[in-house]
Amino acid sequence: MKIKLLKKFEEVFGNEGEYQVYFAPGRVNLIGEHTDYNGGHVFPCALTIGTYAVARRREDKKLRFYSMNFEELGIVESSIDNLTFKPEDDWTNYPKGIVWTMIKKGYQIESGMDVLIYGDIPNASGLSSSASLEVLTGFILKNLFRLEVSFTELALIGQYSENNFNGVNCGIMDQFAVAMGRKNQAVFLDTADLSYEYAPLELGDAKIVIMNTNKKRGLGDSKYNERRSQCEAALADLQKVVSIKALGELSDNQFEEYKDAIKDPVQRRRAKHAVYENNRTIKAVAALKNNDLVLFGELMVASHKSLQYDYEVTGIELDTIVEAALKQEGVIGARMTGAGFGGCAVSIVKEAAIEKLIENVGREYKDKIGYEASFYVVEVGDGPIVL
């Protein structure tokens, strides 16, 4: 892979100067969906698939980007002196946003760079190709300009950029999981204060299988921002009767006690999901520590149901693929992962049953939806590295 990337970089940008190969992972969230902007817990892990880059510092102010995934766009050029969101700049708005954020935060980036990108995360799948690209760009800048910036800060820079440059009100989970990934471990993160711990993913004779519906989704034009504002409205109602800063502070029982303060029934369901999902996530991590994979799987299924009925972010594609998976032998748990409205589901499956799962679920999905799903048996990997 490294040789292929370097060869392509030289073909596109020439071979003068120093350039290196970088990698940042994608991520999958095992449980804790739509909790990260509600002050709750999440439980993602980094993957061994992700985003690669070859980068070289320039002497002038130009930023030149080229993607092997979108070769038809050619080199997309901008300048560090004029960093604004432009629809015609397409995918490069993500790395541009990181440069803009880091300059805004006072990091010394006085010249541009040439960057070649290649990603093996399926685009718009909900496995955080955008967060992977954002953290990767921050990591490249840290390296090229010898910046003192921690991995936690790289995650926060990615979130700030996506919120303020790309206009998507995402929480911190995706960027944090990418920046802080650790091999064979998941990150149990409290998004209220960014305290975290690593939990070993000891799945015995089971593996993580990602099931891609191949229904493309785009966060910015989905109902993601709408769900976030519904939760904020529900929180404002609850704050009239109970002293909390975020929905993630409530137990299930407390929510039941105070829920009538939320006047709008739709907002009440949204808030219920945020509260119950947070507490499910806490229980799921405890189950994993106790080697209780069965309970972990049950909580995954309950999470999907809540996302389907209370949060309404699944849709026919995700529901079909999860329901088909849960009928298969050897499936411990399955649920949608990511923002929803398409993208992927995650399942934990006994290794001996994986081949049959792919065959059966693939057939049932195609019969009902009309096009094929894709399946990935994934490994849990590290955060950003220089290759």
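Bear in mind that the values in this text are calculations on the coordinates, not laboratory data. Everything quoted here is computed from the prediction, not taken from an experiment. Cβ atoms come from the backbone with ideal geometry, glycine included; neighbour counts cover every protein chain shown.
Worth pointing out:
- Number of Lys pairs (Cα under 21 Å; 8 or more positions apart or on different chains) in the range 2-201: 20
- Cross-link partners for K259 among the lysines, with Cα-Cα distance under 16 Å and sequence neighbours closer than 8 places in the same chain left out: K240, K245, K272.
- Mean ellipticity per residue at 222 nm, deg cm²/dmol - from DSSP H runs of n ≥ 4 across the chain, formula -39500 (n - 2.57): -12500 deg cm²/dmol
- Computed lengthening from N360 to F145, 0.36 nm per intervening residue step minus Cα-Cα distance: 72.3 nm
- The range 238-343 shape via C-alpha gyration tensor axes, a/c threshold 1.5: oblate
- Computed Rg/Rh of the chain, alpha carbon atoms with Kirkwood Rh: 0.98
- Distance (nanometres) between label positions extended 7 Å along Cα→Cβ at E257 and V294: 3.3 nm
- Rg ratio for the range 138-278: its Cα radius of gyration over 2.2 N^0.38 Å, N being its residue count, equals 1.26.
- Partner aspartates and glutamates whose Cα lies under 19 Å from the Cα of K305, excluding those fewer than 8 positions away in the same chain, are identified as E33, D36, D252, E256, E277, E317, D319, E323.
- Anisotropy class of the range 110-170 from Cα gyration tensor, a/c 1.5 cut: oblate
- Neighbour counts of C-beta atoms inside 10 Å place L63, L156 in the sequence L156, L63, starting with the fewest.
- Gap separating the Cα centres of the range 288-353 and the range 140-175, nearest whole Å: 29 Å
- With bins 10 Å wide beginning at 0, the percent of Cα pairs of the range 2-201 falling in each bin runs 9, 37, 36, 15, 2.
- For V361, neighbours were defined as the other residues whose beta-carbon sits under 13 Å from its Cβ, and their charges (Lys and Arg +1, Asp and Glu -1) total -4.
- Dimensionless Rg over Rh [the range 66-180; C-alpha; Kirkwood]: 0.92
- Between D90 and E59, the modelled label-to-label distance comes to 3.0 nm, taking each label 7 Å out from Cα in the direction of the beta carbon.
- Cβ-Cβ distance of E16 and Y371, R₀ of 45 Å, FRET efficiency by 1/(1 + (r/R0)^6): the value works out to about 0.50.
- Cα gyration tensor shape of the range 297-387, rounded if a/c is under 1.5, else prolate or oblate by comparing a/b with b/c: rounded
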